[in-house]
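Inspection log for the structure reproduced underneath, given as C-alpha cells.
The values are calculated or read from the model by the stated rules, or taken from the named source; none is laboratory data. This is a predicted model, so every value here is computed, not measured. Cβ atoms come from the backbone with ideal geometry, glycine included; neighbour counts cover every protein chain shown. Please note that ligands, DNA and RNA were not included when accessible areas were found on the heavy atoms of the full protein model with its side chains. Shrake-Rupley method; radii C 1.70, N 1.55, O 1.52, S 1.80 Å.
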Amino acid sequence: MKALKKLALASVFGIAAAASASAATLDDVKAKGVIDCGVSQGLIGFSNPDSNNNWSGLDVDFCKAVAAAVFGDATKVKYSPLNAKERFTALQSGSIDVLSRNSTWTMSRDTTLGLSFVGVTYYDGQGFLVPTKLGVKSALELNGASVCTQTGTTTELNLADYFKANKMEYKVVAFEKNEEVLKAYQEGRCDVFTTDQSGLYAERLKFTNPAEHVVLPEIISKEPLGPVVRQGDAQWFNIVKWTYYALLNAEELGVTSANVDQMKTSENPEIQRLLSVKVKNPDGTEADNDFGKGIGLGPDWAYNIIKQVGNYGEVFERNVGQSTDLKIARGKNALWNQGGLQYAPPIR
C-alpha cells in the first residue's frame, strides 16, 4: 500500500511538473510583456527594417499575430535579427521565444535540434539568379559555374544534390552572412546566386539595375518555410500553431480586418467559434465558444489577430503579393479550396 501511495504521489507531482513546464514560455512572455521574435537580417517582403528600424514583412506579421493573440496588442514584439548560422541556437538557448525567419522545415531540424516547426506559412523552393549578360536560360546550362550561397542553410545541400544528379561540376563560394553573399555576387566573384526563389526576387530588388539579373525557371527543392518553437512546451507550441491556423481559417471564412466586427453578428457557426461568439443552442443552453481557454488565452485571441493583423490573404498580399514590388502570385500558397496547399484544421 505504501508503495502504491508513493507511486500515486510521484504521478501527481510528475503531472504537476509537466503542467508547470508546459506553461513556462507563456508565463515568461507575460512577465516580460513582450515576445522576443527571431527574424532575418533583412529580407524584403518577409522581415525587413526601414531606416527607423520599423520591421515589416510576412514573417514579421506572424510575430505580430502571436503578440495580438497573447497580449491583445500586436505591437508587443521585440525583433532579433539573426543570421542563418545562429538562428536555431538563439531559439534553443531561450534568447528568443519564436523563430519566424524564412526557415525550411526538414526532418533533422524537427527531430535532432530540440525544436518544433508549427506549420508552413510559405511554400517555397530553391532557385538560381544569374546576370542576363551570361545568356543562360536554364539551370541545366550551369555546368562549371561558380555559385554563391550562404553557409548553415539547406541551400548548400540542395545545390550539391542538384549538380550531382545532373552530372554537372560547380564551385561553391559560401559566406556566413547574406550581405556577404550578395556583395560577392554583385562584384562578379561568382556566376550564380542561389537561395529560396522568394529570396531571389526580394534580393534582386536591392540591386542598382534589377532587370540585369534573371531568375531561372527551375525549382530544385521543396522549401516549406515556417515558424519554429522549442520542444517540450506544448502550450506555447499550440498558441503559435493556432495563431497560424486562425489566419487561414479567417481567410477561408471571409473574415478580414475590415469586417471582423460586423462578422461577430454572423450566424455561421464556424465564424462564431472563430470569434468566440456566445450563442443559444436549440435546447436553450448557451454555447460558450471560448476556444482560447484551451491554449491559455482569452476569448478574443483570434479576434485580436484578425482585427490588428488581418487574415492570411491580407498578410500575403500586403507583403509579397501583386500590390508589392515582389508581385509574387499565391500559387501553392493559395487556400486548399483555391488550388493551393494552405489548409487549417477547424476550430470546434
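Based on DSSP H assignment, which helices of the chain show an axial Cα extent of at least 15 Å together with a mean Kyte-Doolittle hydropathy greater than or equal to 0.0? Show your work: numbers first, answer last.
Details: long enough: 2-22 (30 Å, 1.09); 58-71 (19 Å, 1.49); 154-165 (17 Å, -0.26); 234-253 (27 Å, 0.09).
Going by DSSP H runs, the hits are 2-22, 58-71, 234-253.
Could you tell me the center-to-center distance, by alpha carbons, between region 316-348 and region 45-114 in angstrom?
Each part reduced to its Cα centre gives a spacing of 20 Å.
Report the residue, chosen from Met168, Met107, Met263, that carries the largest GNM mean-square fluctuation when the chain is represented by alpha-carbon nodes joined by springs under 10 Å.
Checking each option, the largest mean-square fluctuation is seen for Met107.
P(r) for region 51-99: what percent of alpha-carbon pairs falls in each 10 Å bin, starting at zero?
So the P(r) values, bin by bin, are 24, 51, 25, 1.
Would you please give the residues with an amide H less than 5 Å from that of Ile35, counting only those at least 5 places away or on a separate chain, with H modeled from the backbone geometry?
Val77, Lys78
Ranked highest first by the average count of other Cβ atoms within 10 Å around their residues, in what order do 214-222, 283-291 fall?
Final packing ranking: 214-222, 283-291.
If you line up the Cα atoms of the chain on their principal axes, what length do they span on each, largest first, in Å?
Between the extreme Cα coordinates on each principal axis of the chain lie 73, 57, 40 Å.
Can you list the equivalent-ellipsoid semi-axes of region 203-348, largest first and in whole Å, using the square root of 5 times each Cα gyration tensor eigenvalue?
Semi-axes, largest first: 35, 18, 14 Å.
Using 7 Å Cα-to-Cβ label points, what is the Lys222/Thr112 separation (nm, one decimal)?
1.9
About the Cα centre of region 63-141, how large is the charge dipole given +1 on each Lys and Arg Cβ and -1 on each Asp and Glu Cβ? Please answer in debye to the nearest 20.
On the way: 9 positive and 6 negative charges, 44 e Å.
That gives region 63-141 a dipole magnitude of about 200 debye.
Mind checking which of Ser100, Thr25, Leu274 is farthest towards the positive end of the chain's charge dipole, using Cβ charges of +1 (Lys, Arg) and -1 (Asp, Glu) about the Cα centre?
The residue sitting most towards the positive pole is Thr25.
Got a number for carbon plus sulfur as a percent of the chain's accessible area, 1.4 Å probe?
52
Which residue, Leu326, Leu140, Leu225, has the most motion in a Gaussian network model of the chain that connects Cα atoms within less than 10 Å?
Top of the fluctuation ranking is Leu140.
Starting at the first residue of region 84-89, write each ³J(HN,Hα) from the Karplus equation 6.51 cos²θ - 1.76 cosθ + 1.60 with θ = phi - 60°, in whole Hz, x for Gly and Pro.
Once θ is set to phi - 60°, the couplings for region 84-89 become 4, 6, 9, 4, 6, 4 Hz.
So what is the accessible area of region 24-73 per residue, in Å², with the probe set to 1.4 Å?
34
Indicate, rounded to the nearest 5 percent, the antiparallel portion of the DSSP beta bridges found entirely in the chain.
Numbers: 20 of 36 bridges.
Taking every DSSP beta bridge with both residues in the chain, the antiparallel ones total about 55 percent.
For region 113-265, what does the accessible surface come to per residue with a 1.4 Å probe? Please give it in Å².
Ligands and nucleic acids excluded, the result is 43 Å² per residue.
So who's got an amide H within less than 5 Å of the one on Tyr170, skipping anything under 5 residues away but keeping other chains? H placed 1.01 Å off N, in plane.
Hits under the 5 Å cutoff: Gly144.
Under the classification rounded if a/c is under 1.5, otherwise prolate if a/b is larger than b/c and oblate if not, where does region 253-333 fall, given a ≥ b ≥ c as square roots of the Cα gyration tensor eigenvalues?
prolate
Under the rule of at least 5 residues apart or a separate chain, name every residue whose amide H is placed under 5 Å from the amide H of Glu218.
Hits under the 5 Å cutoff: Ala139.
Please name which of Ile295, Ala246, Pro210 has its Cα lying farthest along the dipole of region 208-326 towards the positive end, using unit charges on Cβ (Lys, Arg +1; Asp, Glu -1) and the Cα centre as origin.
Towards the positive end, the residue furthest out is Ile295.
Checking the a/c ratio against 1.5 first, then a/b against b/c, what shape does the Cα gyration tensor give for region 205-263?
Oblate, because a/c is 1.5 or more while a/b does not exceed b/c.
For region 186-233, just list the percent of Cα-Cα distances falling in each 5 Å bin from zero outward, please.
Cα pair-distance distribution for region 186-233, in percent: 4, 14, 24, 21, 12, 9, 7, 5, 3, 1.
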